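The values are calculated or read from the model by the stated rules, or taken from the named source; none is laboratory data. Computed from a predicted structure; not experimentally measured. Positions of Cβ are backbone-derived with ideal geometry, glycine not excepted, and every protein chain shown enters the neighbour counts.
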Ligand code: 8YV
C-alpha cells in the first residue's frame, strides 16, 4: 500500500521530520519559505495530511482545492487559522496542541507583566543608549505587582495557570470568562473571583488577556474598554492579535490613558503597526510565549502524534471536530 503523503508547511525540529518520515512520504519546508496562498494549495493538493502552524491560513478555498486531505494538524493550541467548519464538512480531521504549552505560556505572561509594570525593557534601552550617569529618586518609577489586583480575561487552562502564579505575589485575582469556573477550579486558581467584563476592566491593576480568538471576540478590547481601565493599569496580551484593537491601544498608550502594555501578539503580525515602535511604554515580543525549547518540542511532537494517529487508523488525541470522522 502507498504510504500517506503529507506536507509540513514550515521548518520544524529535524527529529520530528524523521519521526513523520517513518510513516509518511514527507514534503517538508526546512528552508522555511512563506508560501503564498496559491503555493500552499499547489503543495497541499494530492496530500493526505498537512502539519500546519498559525501562520498558514487554511480556509474553505484551500480545503475545497485539496479533496484528498484527511487531516490538518496545527502546531498550536489556537486554531483560528483553520476553517474548522469547512474541514468538518469535508470530513477532514483538525487537531491542535493543548495543555503542553500551558505552563510555559503562563510563565511568559508573567515575564511580560513584570517587565511592563517595572519598565524593564524601557530602562534597559535607556541604559544601553548611555544615558545612565547619576542616580535619581524617580528613575523609571513603575507600578507594584505584589499586592495588586490581577485581572484575567479568558480563564481557560492558560488563564488558570497564570492565576496560580499570582499567589507568590499576594495578589487578588479577578477574572471574566464565557462561563464561570467550578468552585474547585476557582479555588485552585488562587481563589479567583468571577466578575463582569466591565468590572474586570475597571478594577484590574494588571490585566492579562488569555482568551482564544474567534470573530465574536474581535476587538473585544477597544477604545471603550480601554477607557474603563485605570490610567495606572497595565495590559498584557499573550492570546491573539485581533482581540485588541491595536489602533485604539496605541492611542490610549500615547495619551497615557493606560500606563503601559506588554504585547506578544498583534493584528496582522508579523507586519504589526509600526506606531508601537514610537512608544516607550510598551514591551514588544515576537509571539514567543510558548517558545521554550522543551515546550516547542512538545508541541511539534504533539502535532506529529496527532497526524500519525489520524492517518494510520488511530484516534488523534487532540481532535477538535470528531464529527469529521463520520463524514470522512
Ligand atoms: C504559537 C500560539 O503560535 O499555540 C498557540 O496558539 O499562539 C503559540 O504557541 C505557536 O507556537 C506557533 O506554532
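What number goes with the only condition from (1) closer than 25 Å to residue 79 by Cα; (2) in contact with a strand residue (DSSP E or B) (Cβ under 9 Å, 6 or more places away or on another chain); (3) outside any loop (DSSP other than H, G, I, E, B) that residue 265 does not pass?
Among (1) closer than 25 Å to residue 79 by Cα; (2) in contact with a strand residue (DSSP E or B) (Cβ under 9 Å, 6 or more places away or on another chain); (3) outside any loop (DSSP other than H, G, I, E, B), the lone unmet condition for residue 265 is (3).
Being in a loop (DSSP other than H, G, I, E, B) and touching a residue at least 60 places away in the same chain (Cβ under 8 Å) is the filter; apply it to the stretch 99-123 and report the residue that is farthest from residue 312 (Cα to Cα).
The residue in question is 119.
Just to be sure, is residue 18 more than 29 Å from residue 158 (Cα to Cα) and crowded, with 20+ Cβ neighbours inside 10 Å?
no
For every residue, the table says whether it meets (1) outside the structural domain of residue 304 (by TED's automatic domain parsing); (2) in contact with a strand residue (DSSP E or B) (Cβ under 8 Å, 6 or more places away or on another chain).
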residue: 24; (1), (2): no, yes
residue: 44; (1), (2): no, yes
residue: 67; (1), (2): no, no
residue: 84; (1), (2): no, yes
residue: 106; (1), (2): yes, no
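Looking at residue 305, is it in contact with a helix residue (DSSP H, G or I) (Cβ under 8 Å, 6 or more places away or on another chain), assigned to a helix (DSSP H, G or I) and surrounded by 14 or more Cβ atoms within 10 Å (Cβ to Cβ)?
Here the answer is no, as residue 305 does not meet what is asked.
Test of understanding: among 232, 220, which residue is more than 16 Å from the ligand (Cβ to nearest atom), modelled with pLDDT of 95 or more, within 22 Å of residue 118 (Cβ to Cβ) and out of contact with any helix residue (DSSP H, G or I) (no Cβ under 6 Å at 6 or more places or on another chain)?
On inspection, the qualifying residue turns out to be 232.
Got a sec? Which helices (runs of 4 or more DSSP H) wholly within the stretch 159-238 have at least 2 residues that are closer than 23 Å to residue 276 by Cα?
223-228
Of all residues in the stretch 274-299, count the ones that are more than 11 Å from the ligand (Cβ to nearest atom), loosely packed, with under 15 Cβ neighbours inside 10 Å and in a loop (DSSP other than H, G, I, E, B).
Total meeting the criteria: 1.
Regarding residue 257, is this residue assigned to a loop (DSSP other than H, G, I, E, B), in contact (Cβ under 8 Å) with a residue 12 or more places away in the chain and crowded, with 22+ Cβ neighbours inside 10 Å?
So residue 257 does not fit the description; no.
Across the stretch 18-32, what is the number of residues that are touching a helix residue (DSSP H, G or I) at 6+ places or on another chain (Cβ under 9 Å) and without any contact (Cβ under 8 Å) to a residue 60 or more places away in the chain?
Of the residues in that region, 6 qualify.
So, residue 12, is that one farther than 30 Å from residue 261 by Cα, touching a helix residue (DSSP H, G or I) at 6+ places or on another chain (Cβ under 9 Å), part of a loop (DSSP other than H, G, I, E, B) and touching a residue at least 60 places away in the same chain (Cβ under 8 Å) or not?
For residue 12, the condition - farther than 30 Å from residue 261 by Cα, touching a helix residue (DSSP H, G or I) at 6+ places or on another chain (Cβ under 9 Å), part of a loop (DSSP other than H, G, I, E, B) and touching a residue at least 60 places away in the same chain (Cβ under 8 Å) - is met.
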